[in-house]
Each structure stands twice: as structure tokens, then as C-alpha cells.
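What follows is a single structure, written as C-alpha cells, with notes after it.
The numbers here are math on the coordinates, done by the rules we state, and not lab data. Everything quoted here is computed from the prediction, not taken from an experiment. In this analysis, Cβ positions are derived from the backbone assuming ideal geometry, glycine residues included, and neighbour counts consider all displayed protein chains.
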Amino acid sequence: MAKRRANGEGNLRKRKDGRWEGRYTAGHDPETGKPIYKNVLGRTQAETKTKLKAAIEEARSLDITRVGKYTVGVWMDEWFENYAKVKVRPSSHQTYRGYIDNHIKPNIGKAPLEKLTSLELQKLYKKLLTGGRVERVESKHQAKGLSPKTVRNIHQIIASAMKLAKEQRLITTDPTEGCALPKLEHKEMKTLPVEQLASFLREAKDSGVFEMYYVELATGLRRGELLGLKWEDIDLEHGSLRVKRQIARIDGEIVEAPLKTKNAYRTLPLAEDTVAVLQQQRKKTGGSPWVFPSPTGGPISPDSVLHMLHRVLKRAGLPRVRFHDLRHTFATLALQNGVDIKTVSGMLGHFSAGFTLDTYAHVTTAAQKEAARTMEKVLTSVL
């Protein structure tokens, strides 16, 4: 005979096979209203009693009518469509979708959502680090594994989806909590040295793209921000430039998109030489509203600008750098020539001067050493 327990604590009974069974009400069917019964088994009454208590506590924290209906893959799709698309800026949608379709779903997509464990995630991250890169023509010369930064980004996406799953009472514990993440690689920052700038700009002029790269080096804009400039943003008379939008590729389309952060919306002063270069560019663009238009008059593709940069560098006999490294060049030269960190941070559109300081610590450290040497000379001269 079943041993009745207090209301909400379930029932215990000893079965004919000698084992103990604990039976409890996990919830109610939303359509029929009938109770949903679950059970646990144990070899002893004490063991079963402990299991029963844990099962009841878990049932109270779960929406039992929905648990078991989601695999990891289905939930990631649900999270992306109804949560990420609302909270994440449009320019990041394609990146998120790629992480889900290329790395998360093929590896753990079929696993039941409520059974995903931290160990399975650790195995996923290890696999992605050693061989997670998707085979493409442009990636055939790259390492087979994903970078630690990309793996950490994938972890953040999964963590956000699991947090929502827990809030929705689909899981009791978040498997992303406590995962060991790969350490970020601190790659040496690349810039164009002063002695290479003349060769670079000379070749840019011969290639017909001098104005674009001169303005980039003079302002330190992000690539999308530079391509997003319209003549309505430029005040040639007073020498200023307003950063109001960026150009991005979203779902294969070249579109206008909001800037990364509120700090990215900014107004920058323009030196006289930069104003003169922009005046020259104005004559070249005809009636296009874009400062740097494509041959068809619309905005240029960010990919095209990168390929253009690499062609100019190759023709000039210079080492390959990323477009973002031109931004680093601007910041490095500004700091080396005495511009304070707060001013540089504001011009770059960083969210804080602390972030700028961390990014360009090597430059400020060198400046501090130079200041120490200067003070040494001053003090030595008075002894």
C-alpha cells in the first residue's frame, strides 16, 4: 500500500520487485486540466524520499507543459527570432545567424534543451578551437580552428539563450555557468609607420582612392562610418564632420545601419588640409549624396574597400594590414604627438577613455618612459 505523504510531497510505495517508487504531480495538462504524474525509483525508502523531494522542487521551477518540447537547435532559433532580433543591432543579425547555423546547431542542435550540460558545452568549445572553421574558398589558407574570441562570442550567444530558457522555466540550471572559456589572444597591433605613409598615399593617389584613405587617416573613422558619410554631414566652411550612420552588409545587402553605440554619434573637427582634400572629392562625386560613392552612385561595399586597400598596399610594396589598422594608425600617431587620451577616445567614438587607454597602452607606456627620460635630463641639469 502506498505511503501517503503531506499534500504536495507525493506518495511513496514499495514495489513487488523490491524497489521503492515515489509518485508526484508534476503539473496539469493545459488542454484537459488533468494532472501530469511523474515518478522516481530507488533501492531504499530513504534514497527514494530524497529523489522525490528533489523531483518535486524541480517540477515547481519548470513549466512542465513545455519542458521536453525543445531541442537546443529549436530553442536557439526561437531565441534568435523573438529575442536577439529585437535587442541586437541589425548589422549583427547575420553574424548571430551564422554562429547558430554553422557551429551550434550542427554540433548540439539535436540535444534536448533541458538535458544540455556544461560538459557538452566544454566539448563543443574544444572542438571549435581545433577544427570549427567552415570550409570556404577564402578560408583555405587559414587555421582550421576558430579563434578564442569567436568561441567566446558563441558562448555568449548560448548563454543569452540559456538565460531566457531559465526565465521561461524550461530549464532549472544554466549549463553555461561555470564553463571554462579560452583565453583571448593578445595580438600585436599593426599600424602603418610614419615612414610608410608617403608610399601608401602616393600609391593611393595613383589608384584614384587618395581622398578616401587620407580622410580615414585624418579622422580614424570605422570603415562603416567612413562609407556612411554624406555631404550633408560635412561642413566645409567651418571644418567639421558629423558621424551619423554606418554602411553594413546585412543578409547580402548593402544598407544604412545605426552606429555601434551612442558614443559613436559624434562631431569631429577637420584640419585645413583635410577640408581641401574633401573639396577635391566633392568635385569627383557629381550629384551623389555620398562622400565616397560607388561607380553606380550608391554607397560602396565594405568588402570592396578592403580589397582596394590590399591592392594599394601590394602595389606600394607594403605589408598587408586591415582597414581597422588605419584607425589604429590615426590613434597611435595622435597619442605619440601629444594628444591626450580623453580627446583621442572621443574622436574614436569609444564608450570610455579607459577602453582607449587599455587598447593603446603600449603607446602611453612609451610616452611615460619618454616623460621619465625628459625629467631625468631636467633634474640632472640642475645638480
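Some points to look at:
- LYS51/LYS110 FRET efficiency (R0 25 Å; Cβ-Cβ; nearest 0.05): 0.35
- GNM remark for the chain: springs join alpha carbons under 10 Å apart, and the peak mean-square fluctuation among ALA204, ALA55, ALA161 falls on ALA55.
- Potential extension, GLN94-GLN168 segment - 0.36 nm per residue separation minus Cα distance: 24.1 nm
- Among ALA84, PRO106, VAL151 the positive-end extreme of the charge dipole of region 72-167 (Cβ point charges): VAL151
- Rounded FRET efficiency, nearest 0.05, which uses the C-beta distance separating ALA159 from THR296 and R0 of 45 Å: 0.60
- Label-point gap, in nm, between ASP235 and GLU185 - each point 7 angstrom along Cα→Cβ: 4.4 nm
- Helix 302-315 and the longest principal axis of the Cα set of the chain meet at an angle near 50°.
- Helical runs assigned H by DSSP (4 residues or longer) give the chain a calculated mean residue ellipticity at 222 nm of -14000 deg cm²/dmol, each run adding -39500 (n - 2.57) before division by the residue total.
- Spin-label zone in region 277-320 - amide nitrogen under 16 Å from a point set 7 Å from the Cα of LYS205 along the C-beta vector: 277-281, 316
- Full extension of the chain between TYR83 and ALA353 gives 94.1 nm of extra length, using 0.36 nm per residue less the Cα-Cα distance.
- Dipole in debye (nearest 20) - the chain, about Cα centre, beta carbon charges: Lys, Arg +1; Asp, Glu -1: 2180 debye
- Separation of alpha-carbon centers, region 234-294 and region 310-345, rounded to whole Å: 19 Å
- Degrees, to the nearest 10: 272-285 long Cα axis against longest axis of the chain: 80 degrees
- Against the main long axis of the alpha-carbon atoms of the chain, helix 45-60 sits at an angle near 50°.
- Taken over region 162-270, lysine pairs spaced eight or more positions apart, or on distinct chains, with alpha carbons under 28 Å apart number 18.
- Only one residue of MET347, GLY33, GLN280 has its Cα farthest out toward the positive end of the dipole of the chain, where Lys and Arg carry +1 and Asp and Glu -1 on Cβ, and that residue is GLY33.
- q = 0.17, 0.32 Å⁻¹: log10 I(q)/I(0) that the Debye formula gives for region 318-364, counting C-alpha atoms only: -0.45, -1.28
- On the beta carbon distance between ARG242 and ASP101, with R0 = 35 Å, the FRET formula returns roughly 0.40.
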